[in-house]
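Have a look at this one.
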Amino acid sequence: MAELKYEITKEIGVISESAKGWSKELNMVSWNDHEPKYDIREWSPDHSRMGKGVTLTVDELATLKELIDGLGLDEID
């Protein structure tokens with residue numbers, strides 16, 4: 001299997017952290033030397049290992065934001 005090449009070009013923020021130290025993060029990641037995209041996935045503390053995740057374009061992230069905004073999470077007690 002070919003080696004996966006990636007570079008975290010911008011660390012945006014941690015969404016959550018597990019008891020084992022892995023953290024679910026939103027980052028900008030370049031996969032195989034392509035243009036960086038928004039990426040949500042779990043990472044080991046040193047970013048040498050990763051879990052499954054989702055990669056989004058700017059348009060996809062904007063659509064996700066609209067969907068989340070429509071949930072009315074600010075109204076939850």
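Expressed as a whole number of Å, what is the distance separating the alpha-carbon centroids of the stretch 2-18 and the stretch 31-77?
If we compute the Cα centre of each part, the gap is 10 Å.
May I ask you to derive the FRET efficiency for TYR6 and GLU66 from their Cβ-Cβ distance with R0 = 30 Å, giving the value to the nearest 0.05?
Numbers: r = 28 Å, r/R0 = 0.93.
The value I calculate is 0.60.
If you don't mind, another one. Averaged per residue, what accessible surface does the chain expose to a 1.4 Å probe, in Å²?
Ligands and nucleic acids excluded, the result is 79 Å² per residue.
For the stretch 25-71, build the charge dipole from Cβ charges (+1 Lys, Arg; -1 Asp, Glu) around the Cα centre, then report which of SER44, LEU64, LEU26 sits farthest towards its positive end.
SER44
A further question follows. Using only alpha carbon pairs under 8 Å that are at least six residues apart, calculate the relative contact order of the stretch 5-47 and give it in whole percent.
That works out to 37 percent.
A further question on this structure: With +1 on each Lys and Arg Cβ and -1 on each Asp and Glu Cβ, and nothing else charged, work out how big the dipole of the chain is about its Cα centre, in Debye to the nearest 20.
420 debye
In degrees between 0 and 90, to the nearest 10, how far off the longest principal axis of the chain does helix 58-69 point, with axes built from Cα atoms?
For helix 58-69, the angle is close to 30 degrees.
Can you list the lysines whose alpha carbon sits under 18 Å from that of LYS52, skipping same-chain ones fewer than 8 residues off?
LYS5, LYS20, LYS24, LYS37
The values are calculated or read from the model by the stated rules, or taken from the named source; none is laboratory data. In this text the structure is predicted, and so the values were computed from the model without any measurement. A quick note on method: Cβ atoms are made from the backbone with ideal geometry, for glycine too, and the neighbour counts reach across all protein chains shown. Just the protein is used for accessible areas: all its heavy atoms, side chains included, with ligands, DNA and RNA removed. Shrake-Rupley method; radii C 1.70, N 1.55, O 1.52, S 1.80 Å.
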